[in-house]
Structures are given as C-alpha cells and as structure tokens.
Amino acid sequence: MSFQATRPNLLAAPAIAWLLAFMVAPCLLILGYAFFERGTWGGVVYTFTLENFERVFDPLYARIFLNSARIAATVTLLAILIAYPAAYAISRAPKSRQPLLLFFAVLPFWSNYLIRTYAWIVLLNREGLINNVLRWGGYEGEPLSMLYSEGAVITGLVYNYLPFVILAIYSSLSRLDMSLIEASRDLGAGPIRTFLRVTLPLTLPGVAAGGVFVFVLSIGNFVTPALLGGGRFQMIGNLVYDQFLTANDWPFGAALGMILIAIMIVLLTLQARATNRAAGTVREAER
Amino acid sequence: MTDAPTTIEDAILRIETLSKDFGPVRAVDGVSLDIRRNEFFALLGPSGCGKSTLLRMLAGFEMPSSGRILLEGKDISSLKPERRPLNLMFQSYALFPHMSVVRNIAYGLEMERLPRAEVRARVDEIMAVTDLTGFADRKPEQLSGGQKQRVALARALVKRPKVLLLDEPLGALDKKLRERMQLELKRLQHDVGITFIIVTHDQEEALVMADRMAILKDGQLLQCGSPEDVYESPTDRFVANFIGVMNFIEGGIGADGHFTAEGMRLPVPGIAAGPTALAIRPEDVAIDHGGGHGIAGRITDMAYHGLDRVLHVAIDACETPLQVRVPARIEAGHAIGEPIRLSIAPDRCKFFPA
C-alpha cells in the first residue's frame, strides 16, 4: 500500500474505532440475542432458537409492522410533497439569499426533538391552541380531539423530518443546469411539461435520498408515536421498546430490531444504486 | 458611430432599438438590425459586449427593457420562449442527460404534439443530415464533443425554426474540429435553408462563416456589413482593431493635407485636419527596395507562415513595431536587427480622429 493510500486510512482510524465500538459491536450483540431464548427477568438464556423470528410473522405483530410501514410511507409522501416546492423556491431565489432561506428551513431542527414534539401536544390537545383559536373564532361544538391519533403521529413525524427532505431535494435542484430548463422551454415545452420531463426526472435522486431517510427514521420512531399517539397506538419502535423495558423479552425485541435494520439496509442499498445510476447523468448535466 | 439602421425589404427578423438593463448596467443599448431571410448572420464582439444578452432576448429568455423584435413583421418581444418559432442551440449544448440521442431530438416535436409517425420520420431525416444515424440509443455522456454538438444542432433544426440561434456553437471544440465544423455549419445552413444567427467572440470564425456580421461593444452596435466590408472598410477604430490585424500609427493631419508622424509624411487629400490615427493592415505595407524615401525602421522579429512572412519592424512613429506581411518566397533573406525601409499605400490607409 502506498504512502498516499495509507494516510487517509490512519486519519479515519478514530471514526472507524468509534463505529466498531458503539455501532457494529452493539448491533452484533443484538443480532446474537435474537437467536436465543428469553431469560425470565430480562437478558437471555443461551439456547439457540428461531422462534423469535417466527413470532415476528405472527399476525398480531405483522399488523403492527404493516401499520408502521403505512404510516412511514404516508409521512414520506407528505414530506416530499411539502419539501419539493419549498426546495424549489429556495433554489430559484437569488444566490445570495439562499443560505439564509436554508437556515430558516432547517432552524426547527436545532431545537430539541422532544420539545418540538411536546409543542404539538400544546397545539393539538382539546384545550390547546388550535381549539382555543377555533372557539375564539365562534366555533361552539365539541372541541376537536386531534391529539393521540394517527393523524397527530403523522403530523409530528412530517414536521420533524421535513428539514432533511428539503436539504436533500435542494441539493439536487441547485446542481441542476439551468440551461436544460431553458432548452426545454426553447423546444416548446411550457413550465409544467418542462417540470415533468426534465426537472423532476433529474432531481429524483434527491427525492429518493430524502424519502428513504424519512421512511427509515419514521418506521423505527418510538418517541413521536408514544407522545402524540398516546400509547393507544403502536408502531414497531414502541414494540421494541416494550420488549426490552416492559415485557423483558430481549430476544424478541432484538429480532424485531433486526428486521427494522434489514428494511433499512435494503432501502439504502436501493437508493444508493439509483443514485449511482443517476450520478452519471448528473455529472453529464454539470459538465 | 452607428450607421443609420439600414432597412432591408425582405427582413425575416427586425430588431428595433432594442435595449436591456440589468440594474444599473445597460447590457444592450439601442441596437437596431435587420436580418435577411436565409442569411448566415454573426453577432461578434468581445465578452461582455452584449451579444449573448441580445441572443437571449431573441430566444425569449430575457425580456427587453425597451425596443421591439419583429419576426416576419409580427412583434414577438413579449412571447414566451416556447411560443417563439425560433430555436436556440446552447453553448453548453444543454442535452438532456437522462434521454437518449433520439429522445433528445424528438423532444421538441413531441411538444408540438405531432403524430408519432411524423416525429419518427423527421427525426430520422435530421439524424441523416447531421450524420448521427447509428447513435440513436446513445446517452449524451457516451458522445464525443463533436457528436454532442451535432445532436444539439439536430434537436434545434428538427423543429424547422424560422430562425436558428447559435450561441458560441463551436467554442467547446478543439481547433481542428472547429475549422471543419465552420464549413460544415455553413454547408448545412445552405442545405436546410434556415436563417442562422450565430454569436461568437472569434472574429476569424465570423469572417469564415457569416454572410453578414454585426460588431458589438459595450452593448452598442458599431458596424454591420459583409465580412469583406467590415475587414476592408472599418468605420470604427475598435472594429478596425478587432477584425484581423491592424497597425495604428498616431499622428496628425495638418492644414496642408498631409499625415505626419515622426519620420514619416504622407499626402492624404480630403481628410479633416487634427490629431489622427492612421490604420494600415500588415498586407498593405510593403518593403521599399529602391529610392530610399520609405519609412526607416529596423526588423525586431520575424515569423514564417509558409505562404507569408510577418516582419515586426520598429519605426520612430509608433511604440509598437509595425507588422508587415510579405510573400515569403519573394522577401527571403532578411535578418533580425536589419535596417529596412517601408512604403505605405495612402489609398489603403484608414484614418480615425484621435
């Protein structure tokens, strides 16, 4: 190995050591747990079994999986629909103003996740801001119960992950060669057809990156469903949490966790492949 | 010193006192031009002269601050780009990277919602004309610079525009290919019978390709005419210097009708007196072998070009050595440092008041 190749590896050593100790090792540990029997008071009994993975496909749990996937998909779709126009507007703003606009888009992200989620409780509850405003405006019926519902969970998740999607789509849009848009107009396509045939296809890698990100984070999330779903309402994250801390079934929790990680790896791989395929064309567009 | 806008009867495109301001900067300043049908017209000027802005106004990407653009008598100044029967070939080619060659070329026809069979036929035809048959399924990234250029050209031409605008179409090609493509473009323009307006900063390119050319500087039109007009009779000192090579000798014209500078005196009847620059092309300066009345100088440099030899001759009248282009076979055997006498034909001189 040449000197040139060695040095970057050495520079990355602390990060690699960190990942090995706190990311790879715990994951392997959890992976191992998933193949053993549960201990009575938590922990594991070292007897090999595949039963934990069988239980994952039990209709009771499979339903929670599907439910989580459906919610995560809805969150992803909404986040993309909201983020794309925002990212588009930012990328078309004067160059000097774009950093400020991006800063505002990402601003909520710098406050604590829990506090941001609690803020939605303040907004949504029966005595909350929205109901108060409605009553003030003359509404006299029952206060709306918006909190502790699937809608509240979806709202909370979309809100929390929106900045990521805006950033991902913005980075695609800002790299898009404006002369391609002009060429499309010049060739007779109006703004809508130009968007559908040129802008959107060329920014799909950004949409995919943001979308996979939101989907993966949403499907495994347990804080937001716990707070805004009020416990009535379970996603896989809550299930895993319960297995480790309430039901004391570490191996089953581990098996659920492994399935989540597997979903994540599959999605990230697909996205990386799509991005690589698009990278050639993007490079071409930048030339 | 803009000429009075020459009005042409069968002008396909008429530009009327067109101006464009970007904030405090006036990029195009009151340009009036008539472009003939089926003409190869060049907009020439140094970078920042406003030629690209002018072209972008014709394409519809910039709205004029004032003035009008008339296409076959109809005002198109406020039409959106997709509504103008003009097409632009982009300097960067702007090929759609996610589409194959054939999809790129068909794009403009699909936007016109033409029947599939007609799209197919016209795309095939233009691909044959531009020598692209066989590249249909390639992606732009799999093409060479020259091939991309032809795809860009085909994509615009297939629309059969009334006018094709070309923004520095050969800028990205290497010298050899560029020279070949200059002639190729001219042949193609003749074959398809479409009016071409090309923007370039390369005066040689404009001279080779254009039927007529306009020289712009600081947003203003300086001169418009055939390459020969512009080369032989520049009406402006900037044009004289920009097109081809020109020697300038600063001096003055006296009441006696003579141009005088240090070490030279030339009869120039009929030209207004005052401080004046004399301009003369290198090929209009000759070596004075007899008499000894010529302008005295000394050879400082020599360059052999095969057909010609260019001598750089230091004379008292100007700081930069005069360039003298002489037939290489006739004027052989000169040496650097050699004293020499030059003669200038008065009728080949141009005079610009200083």
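The values are calculated or read from the model by the stated rules, or taken from the named source; none is laboratory data. Computed from a predicted model, the values in this text were never measured in an experiment. Note that each Cβ is placed from the backbone with ideal geometry, even for glycine, and that neighbours are counted across all protein chains shown. Each accessible area value is taken on the protein alone, full model and side chains, heavy atoms only, with ligands, DNA and RNA left out. Shrake-Rupley method; radii C 1.70, N 1.55, O 1.52, S 1.80 Å.
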(message) Apply the Karplus curve 6.51 cos²θ - 1.76 cosθ + 1.60, θ = phi - 60°, to the phi angles in the range B:274-289 and return the couplings in whole Hz, x for Gly and Pro.
(response) x, x, 9, 9, 8, 10, 9, 6, x, 7, 9, 9, 10, 8, 8, 8
(message) If I take R0 = 41 Å and measure r between the Cβ atoms of A:LEU129 and A:LEU31 in this structure, what FRET efficiency does the formula 1/(1 + (r/R0)^6) give, to the nearest 0.05?
(response) 0.35
(request) Give the accessible area for B:ILE15 in Å² (nearest 10); use a 1.4 Å probe, count only protein heavy atoms, and leave out ligands, DNA and RNA. (result) 10 Å²
(message) Rounded to the nearest 10 Å², what accessible area does B:VAL129 have for a 1.4 Å probe in the complete protein model?
(response) 60 Å²
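Quote the Stokes-Einstein diffusion coefficient, in whole µm² s⁻¹, for the protein assembly as shown, based on the Kirkwood radius over alpha carbon pairs, a temperature of 37 °C and a viscosity of 0.692 mPa s.
On the way: Rh = 31.3 Å.
The diffusion coefficient I find is 105 µm²/s.
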(request) Please say if chain B is rounded, prolate or oblate, where rounded means a/c under 1.5 for a ≥ b ≥ c the square roots of the C-alpha gyration tensor eigenvalues, and otherwise the choice is prolate for a/b larger than b/c and oblate otherwise? (result) prolate
(request) Among the GluC sites (Glu not before Pro) in the range B:239-323, which ones are in a DSSP loop with at most 10 other Cβ atoms within 10 Å of the Cβ? Mind listing them? (result) B:GLU319
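Roughly to the nearest percent, how much of the accessible area of chain A is carbon and sulfur, given a 1.4 Å probe?
That fraction is 71 percent.
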(request) Apply the Debye scattering formula to the range B:1-157, with a single equal point scatterer on each alpha-carbon and no solvent, then give log10 I(q)/I(0) at q = 0.08, 0.15 Å⁻¹. (result) -0.29, -0.91
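Using the crude model of +1 on Lys and Arg Cβ and -1 on Asp and Glu Cβ, and no other charge, please compute the dipole size for chain A relative to its Cα centre, in debye to 20.
Values: 20 positive and 15 negative charges, 193 e Å.
The calculation lands at about 920 debye.
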(request) Using a 1.4 Å probe over the heavy atoms of the protein chains, calculate the carbon and sulfur portion of the accessible area of the range B:159-280 as a whole percent. (result) 51 percent
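Could you run the numbers on buried accessible area between A and B, total for both chains, 1.4 angstrom probe, in Å² to the nearest 100? Walk me through the numbers on the way to the answer.
Working: alone 16950 and 17350 Å², together 32010 Å².
Chains A and B together bury roughly 2300 Å² of accessible area.
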(message) Using the Cα centre of the protein assembly as shown as the reference point, and only Cβ charges (+1 on K/R, -1 on D/E), how large is the resulting charge dipole? Debye, rounded to the nearest 20.
(response) 1740 debye
(request) Amide H neighbours of B:ALA328 under 5 Å, at least 5 residues apart or on other chains, H built in the peptide plane: list them. (result) B:ASP308, B:ARG309
(request) At 1.4 Å probe size, with no ligands or nucleic acids counted, give the accessible surface of B:GLU72 in Å², nearest ten. (result) 80 Å²
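For peptide B:107-114, how many partner chain Cβ atoms fall within 10 Å of a residue's Cβ, on average?
Details: counts 8, 6, 2, 5, 9, 3, 1, 0.
Average per residue, whole number: 4.
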(message) Please report, ordered by residue number, every helix of chain A (full DSSP H runs) that is 18 Å or longer along its axis going by C-alpha atoms and whose mean Kyte-Doolittle hydropathy reaches 0.0.
(response) A:3-19, A:59-92, A:150-174, A:200-219, A:250-286
(message) Between B:SER343 and B:VAL245, how high is the FRET efficiency from 1/(1 + (r/R0)^6) when r is the Cβ-Cβ distance and R₀ = 22 Å? Nearest 0.05.
(response) 0.75
(request) Using only atoms on other chains, find how many Cβ atoms lie within 10 Å of each Cβ of peptide B:88-100 and report the average. (result) 6
(message) Going through the cross-link list B:LYS139/B:LYS186; B:LYS162/B:LYS186; B:LYS80/B:LYS159, which pairs have a Cα-Cα distance over 20 Å in this structure?
(response) B:LYS139/B:LYS186
(request) Amide H neighbours of B:GLN91 under 5 Å, at least 5 residues apart or on other chains, H built in the peptide plane: list them. (result) B:ASP167
(message) Just to verify a number: FRET efficiency for B:ILE330 and B:THR133, C-beta to C-beta distance, R0 = 51 Å, to 0.05?
(response) 0.55
(message) Full-extension gain between A:ILE265 and A:THR246, please, as 0.36 nm times their residue separation minus the C-alpha to C-alpha distance.
(response) 4.1 nm
(request) Counting helices only, and only those DSSP H runs with n ≥ 4, report the 222 nm mean residue ellipticity of chain A as the sum of -39,500 (n - 2.57) divided by its residues, in deg cm²/dmol to the nearest 500. (result) -23500 deg cm²/dmol
(message) Between 0 and 90 degrees, rounded to the nearest ten: what's the tilt of helix B:116-129 against the longest Cα principal axis of chain B?
(response) 30 degrees
(request) Quote the Stokes-Einstein diffusion coefficient, in whole µm² s⁻¹, for the range B:245-353, based on the Kirkwood radius over alpha carbon pairs, a temperature of 10 °C and a viscosity of 1.306 mPa s. (result) 112 µm²/s
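Listed highest first by mean packing, meaning other Cβ atoms within 10 Å per residue, what order do A:216-224, B:186-194, A:131-139 come in?
On the way: A:216-224: 21.8, B:186-194: 14.9, A:131-139: 11.3.
Taking the mean over residues of other Cβ atoms within 10 Å, the ranking is A:216-224, B:186-194, A:131-139.
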(request) Return the loop-located trypsin sites (Lys or Arg not before Pro) in the range A:44-130 (DSSP other than H, G, I, E, B) with at most 15 other Cβ atoms within 10 Å of their own Cβ; answer none if there are none. (result) A:ARG126
(message) For B:HIS258, what residues show an amide H to amide H distance below 5 Å, using hydrogens built from the backbone and excluding near sequence neighbours?
(response) B:VAL268
(request) Once every Cα of the range B:148-256 carries one equal point scatterer and solvent is ignored, give the base-10 log of I(q)/I(0) from the Debye formula at q = 0.16 Å⁻¹, two decimals. (result) -0.80
(request) Report the label-to-label distance for A:LYS95 and B:ASP316 in nanometres (one decimal), using points 7 Å from each Cα along the Cα→Cβ vector. (result) 5.4 nm
(request) Determine which lysines satisfy two conditions relative to B:LYS350: a Cα distance under 24 Å, and not lying fewer than 8 residues away in the same chain. (result) B:LYS217
